[in-house]
Structures are given as structure tokens and as C-alpha cells.
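Notes for the one structure printed next.
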Amino acid sequence: MTTPPPAGPGAPAGSQASLRLSRLLKRPVTDRGGGSLGRLADVIVRLRGADYPLVTGLVAAVGGREIFVPIDQVSSFDGDPLRLSSARLSLRRFGRRDGEVLLRADVLGHRLIDVPNARLLRAADLVLARVPGLPPPRPDDLPSSRDDNVPAEWVVAGVDTSPRRMFGLRAPEASGGVRDWHDFEWLIGHVGSALLRGPFARIRRLKPAQIADLLESASAEEETEILGRVRADPELEADVFEELDEDLATRLLGARTDFEIAEVLARMRADDAADAIAELPQQRRQPVLDLLPAGPRQKVLTLMGFASASAGGLMGVDFIALPEMVTVRAALARVRESPLLQPEALTSVHAVDVGGCLAGVARLVTLVQGDPDAALIEVCDTDPVRVGADTDITEVAVLMTDYNLITIPVVDDANRLLGVITVDDVLEIALPPDWRRREAAHPPDTRPGPPI
């Protein structure tokens, strides 16, 4: 028995009918004369990139074994029983091929990434929809006809993430109901299928902090698959590790070789890389340091020389410092030419004298509003709030709050610029220890609407 296709995003445009996988499984399978053959055990789909996954066959349990049934041999896919159109059926035991996804074994009951809301949800049920198929091929010398018999195809169109039924009822859930398949990135443990499903495009819509949150709530198997896709983009991978809970980052890095760890750390901010190395077992720290490129290694070694609870341990060493007499125009050009610096660190430009001592700090907005031909020092605060490397981080937080600072420079006893602390680092220290485990608030325009 078929049901009308769900309205809205629950089914592709042009769908003619739909049914739920849970109602399809275990239906009897008969030959074309109605004779019983067995029962439906699973549904096979083929991945098609941005298109809805196409149903290509069934797995039927016949006489104690599972066999493959091509979809074109099924005359009534949505019927009860499922009737075959062919008089012949191969009884060879079913063997999965790479790229074949089994909806019951691989997806139903497994967790998917809800991309719009950046969370993991379980697939309680799947919705299959019947859509018009492609017209049959026609020789070039024959005119096309609107009466061509175009076969229908079945695709996976939607996902129901409502909790499973209990006592015949479903518990209410704000994110439940049938939603479009394209809202989700599925986590398929079968290696052959995962390799052939193309780039992890949808997860790349998420911010690194959101991917880190997913990893922190994932199982070991889910961690492996999410990280496997993220590793395809080394810069994204480094950004994700910067956002991870310290214990989880240490565990995930510890499972890699020294060379693989160094590859990730070389792309991370020096302060985060220094923290990560400090958390490694003692016997692994020096080998990893030795594998870092010279520039990142020197920055990490500098930061590791300061106590973690001090301004020196909190600061970053990537910032813009220019001679005090360069023009505002040149300072802005330097900001434009520094895309790899942390954006928060680019909100201030530091003027230094010939000895490298801090002469002033100019906020980016002041530079934008100032005379392009003026000297940098002319638009600077020449007595900026600054701290020493041994300043307690609580005092740093108080100063930044009192003076409404986005960054604060760290200097040595001779007023030479050592580094810069950004507001995001201070916030991370000030928040409760379990802040990463709290559910993030969603903007009003991203909250899921009512179920379909």
C-alpha cells in the first residue's frame, strides 16, 4: 500500500508516491504467479552525488539464504506482497559490492549528521519516493514522443528522526518528523561505500567548532569516519583540532604517528600546537617537535617556555608589528596581505621602534578611518594597556573587560613585544570547564520547523 508523497522537502519534485522502509521490510516476496519465495531483508541503493540515492535492488531471504533481486525484476515494489516479474531468479548467495548501500544494515537505526543544526541524530525510519525515470534511449533519426513509456524509479527521499515508537506512540521531539535527505550527511561504516560516495561536501558547510562538537558526541566508529573525511582538507582538520576538547584532541592525536601529528600541528596556531604537544606523553614530545618545520617549531618552543596559567602561556605569536613611521596605507596593505593570521589578531596593528619596543597600538577601525598618508604612530594609542609574560590570566581577563579590548599585547621587561592575547582565548579560560559539553544555542532562523 502506498501513501501520498510528503509535501515540501520530504520528497523530490515530481514524486508520485512514497512509502516507509520500516513498512517495507519483511514483506513477503512472491513469483509472478503469486507463489511464496521468501521475505524482504534489505533494500540496496546507489549513491549519485547531489541526487537522491537510487534504489537498484533488493535483498530477499529465501530458503535460509540472502539473494540479490534486481529492481527491474520487481513488478510491484510497493505492493504487499512484493511480486517479481521474472520467472527466473538466481539463488546465489548475496555478496555486497563496493558502492552498494544497504538501507537497513547501513542507515536505519544509525546516526546521521544533521547538517543545518550541526548535530547527530538517529535515523528512525527512511522515506522512499517514486519519481519519473529517464526516457528510454532513441536513435537520433527518430523523433521524440510524449507517449514514450518512461519507467518510474524509487529513491531515498527523506529521513524520519523521531524517537522509536513506544506503546504504539512516538514521543514528541522538536527536530522529529520527516525531513529532506539532503539535510543529512550519512555515516556509513562500510569502507567500499564510503570511498565511492565522493567528497564530504555537506560537512564542509559546518564551522570547525561545529565539527568539533560532533566529534565530542560521536562514537569511536563515528569519530573515525568524520575524521577520515575531514582529513581530506588539511587546513580544516587543523582548525577542528584547535576547537576540540583538550582530552579528546590528545587521544585522537596520540593514535597517530609522530609524522602525522606534526603535519596537523604545523597548520595549527602556535599557541594551540604548544598546548597539544604539552599534553603528549613525555617520550613523544621531542620527536614531534623535531618533525615540525623550523618556523612553527621555534614559535612552539617559545610558548612552551612560559607557564600555562600566565599571559605568556596564553598569548599567540602571530600578529602584525610594523615600524612606527610607516604610513597608515602601508599598515592596511599589510593587513590585506595576511590572510593566514587569526582574524582576531588582525583587529590591531602594533607600532614598534627601531629596538623592537612597543611604541603604540592602532585598532583596525582607526586605520580605516584615518588619513592614509599619516604615519602609523600618529593614529596609535601610545600608552596602550599591556601585560608582562608572567601576568596571571585572571588579571588579563579583568584588564580586557575593563578597557573593552579585543587584543592585549604581551611585552618583556624592556617593553619588547612578545605576543598578543585575543579575546577568544580569554573567553575560553573564563568559561566553566564543561562548557564544550553544553548544547549550543541555535539562531531563531535555524531552528527546525514543524515536522512534515
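The values are calculated or read from the model by the stated rules, or taken from the named source; none is laboratory data. Keep in mind that what you see is a predicted model, and the values were worked out from it rather than measured. Here the Cβ positions follow ideal geometry from the backbone for every residue, glycine too, while neighbour counts run over all protein chains shown. In case anyone asks, the SASA skips ligands and DNA or RNA and just uses the protein heavy atoms, side chains included. Shrake-Rupley method; radii C 1.70, N 1.55, O 1.52, S 1.80 Å.
Looking at the range 360-370, is at least one residue modelled with pLDDT of 95 or more, of a type outside the set (Gly, Ala, Ser), out of contact with any Ser or Thr (no Cβ under 6 Å at 6 or more places or on another chain) and more than 25 Å from ASP425 (Cβ to Cβ)?
yes
Of the conditions (1) under 20 Å from VAL410 (Cβ atoms); (2) of a type in the set (A, V, I, L, M); (3) surrounded by 19 or more Cβ atoms within 10 Å (Cβ to Cβ), LEU367 fails just one. Which one is it?
(1) is the only condition that LEU367 fails.
Count, please, the residues in the range 73-88 that happen to be more than 18 Å from LEU54 (Cα to Cα), open to solvent by 50 Å² or more (accessible area, probe 1.4 Å) and in contact with a strand residue (DSSP E or B) (Cβ under 8 Å, 6 or more places away or on another chain).
Number satisfying all stated conditions: 3.
Going through ILE277, ILE226, ILE211 one at a time, which residue ends up being of a type in the set (Val, Ile, Thr) and over 20 Å from the mean Cα position of the chain (by Cα)?
Working: ILE226 fails: over 20 Å from the mean Cα position of the chain (by Cα); ILE211 fails: over 20 Å from the mean Cα position of the chain (by Cα).
The match here is ILE277.
Would you check which residues across the range 346-364 are of a type in the set (Val, Ile, Thr) and surrounded by 14 or more Cβ atoms within 10 Å (Cβ to Cβ) and list them? Let's see the steps before the verdict.
From the range 346-364, those of a type in the set (Val, Ile, Thr) are 347, 349, 352, 354, 361; that's our starting set.
Once the filter is applied, which keeps residues that are of a type in the set (Val, Ile, Thr) and surrounded by 14 or more Cβ atoms within 10 Å (Cβ to Cβ), the range 346-364 yields THR347, VAL349, VAL352, VAL361.
Of everything in the range 54-70, what is open to solvent by 50 Å² or more (accessible area, probe 1.4 Å) and either closer than 12 Å to LEU40 by Cβ or under 36 Å from the mean Cα position of the chain (by Cα) (or both)? Give them in sequence order.
The answer is GLU66, PHE68.
When you scan the range 28-49, do you find a residue that is more than 22 Å from VAL159 (Cα to Cα), open to solvent by 40 Å² or more (accessible area, probe 1.4 Å) and in contact (Cβ under 8 Å) with a residue 60 or more places away in the chain, even just one?
no
Starting from residues that are within 22 Å of ALA331 (Cβ to Cβ) and touching a helix residue (DSSP H, G or I) at 6+ places or on another chain (Cβ under 7 Å), keep the ones in the range 370-404 and report whichever is surrounded by the fewest Cβ atoms within 10 Å (Cβ to Cβ).
The residue in question is ASP373.
Looking at this structure, is GLN282 over 20 Å from ILE421 (Cβ atoms) and surrounded by fewer than 19 Cβ atoms within 10 Å (Cβ to Cβ)? Before you say what the answer is, go through the steps one by one.
Numbers: over 20 Å from ILE421 (Cβ atoms): yes; surrounded by fewer than 19 Cβ atoms within 10 Å (Cβ to Cβ): yes.
Judged against the criteria, GLN282 is a match.
So which of LEU280, LEU244, LEU301, LEU291 ends up being under 23 Å from SER219 (Cβ atoms) and among the hydrophobic types (A, V, I, L, M, F, W, C)? Write out each step before concluding.
Working: LEU280 fails: under 23 Å from SER219 (Cβ atoms); LEU301 fails: under 23 Å from SER219 (Cβ atoms); LEU291 fails: under 23 Å from SER219 (Cβ atoms).
Testing whether each residue is under 23 Å from SER219 (Cβ atoms) and among the hydrophobic types (A, V, I, L, M, F, W, C) leaves just LEU244.
Within the range 316-345, take every residue that is closer than 17 Å to GLY370 by Cβ and open to solvent by less than 20 Å² (accessible area, probe 1.4 Å) and give me the one that is farthest from the chain's Cα centre (by Cα).
Ranking the candidates gives VAL328 first.
If you go through the range 235-277, how many residues are open to solvent by less than 50 Å² (accessible area, probe 1.4 Å) and either polar (S, T, N, Q) or assigned to a helix (DSSP H, G or I) (or both)?
24
Among what's in the range 208-218 and is without any contact (Cβ under 8 Å) to a residue 40 or more places away in the chain and open to solvent by 20 Å² or more (accessible area, probe 1.4 Å), pick the residue that is farthest from VAL240 (Cα to Cα).
Residue satisfying both the conditions and the ranking: ALA209.
Every residue in the range 221-234 that is surrounded by fewer than 18 Cβ atoms within 10 Å (Cβ to Cβ) and under 19 Å from ARG269 (Cα atoms), please.
ARG231, ASP233, PRO234
In this structure, does ALA375 turn out to be modelled with pLDDT of 95 or more and touching a Cys at 6+ places or on another chain (Cβ under 9 Å)?
Working: modelled with pLDDT of 95 or more: yes; touching a Cys at 6+ places or on another chain (Cβ under 9 Å): no.
In short, no.
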